[in-house]
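Notes to accompany the following structure.
Computed from the coordinates by the stated procedures, all read-outs in this text should not be read as laboratory data. Not measured: the values here are computed from a predicted model.
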Amino acid sequence: MKTNMTQQTFKRRWNGLDALFSGNWLNKKEYKDGNDRTVNGSAIAQRGLLAKLAYNFNDSNRLTLSHRQEKTYGERNLREEFDFSQVGNDKNNSPRYRILNQDTTNLEYEGKQLGLLGSLKANIYRQTIKREEPTATSNPINKINIIGANFGFDTPLLDKHTLKYSLNWRHQESEPASRIGRGSTKTDTGVYAEGIRDFAPITLTTGVRCDHFKANFSDGKSFTGHNVNPSLGVIYDVNPDLSFSGSLNYVSGFNEMPPLSNVKPLPTNTIRSMDLSAAPK
């Protein structure tokens, strides 16, 4: 496969302001196997663009705004995940020119030495995923719009212990090309807390994460679910050069999506993982 790639990057700093602009272009020709046979529909072009501006108010406070676009385009088969490219039945394979765009805008704040709160890292973002299939007579567009936010604090306690806690929120909406049916939505909310206790030479870590979500489907059906997952970790420092550690984690999730015509709450699948290790420092 022949590939042509071009990349350009621009970086500047003015006092507390940082700027970064970057772009790359990739053009992949159709793949040929060892017998010089062409794999139909394997050629694709890609483009990536990034613009990032950051301002440092001081050594402890930084605000960053960025926008990233990732784009692929070319003639693709109807079902890209299945290799029907060599079948030769173009009527069923239905190759068409397809454009896939993913745009992500992110606003992020990092703060340190915030008094009793300790440090904070927070961001809010918006992402749009759009697929177009332009033809001579129409241009059907499928879109997914996502907006989310994350907040995380690291708070010191009694000069030896640390409390970490965070909040995650994400909302997703789909817009189908056909206006006959409605799109689907899904909202996820997560809360996490972790305590790190320093009882030298032992460090004890305990945490818990709670997740809740609600999904609405195009046929009007909906369902909700929630999970609670604890964790436990221990580190023993034998000396400055050697430590032993162990951890126990629970991860819960739903097995699979039910048929849309019969949406019911799903049983959760819980995974327990245990890890024991020794490491030189």
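List the aspartates and glutamates whose alpha-carbon lies under 20 Å from that of K221, not counting same-chain residues fewer than 8 positions away? Cross-link targets: E173, E175, D188, E256.
Quick check: residue separation of L65 and L232 times 0.36 nm, minus the Cα distance between them. What number comes out in nm?
Working: separation 167, 0.36 × 167 = 60.12 nm, distance 3.58 nm.
Full-extension gain reported as 56.5 nm.
Return the ratio Rg/(2.2 N^0.38 Å) for the range 144-243, where Rg is computed over Cα atoms only. All intermediate terms of the calculation are to be shown ahead of the outcome.
Values: Rg = 20.4 Å, N = 100, 2.2 N^0.38 = 12.7 Å.
The value comes to 1.61.
Extension gain for L117-R96 works out to 2.1 nm (0.36 nm per residue, less the C-alpha to C-alpha distance).
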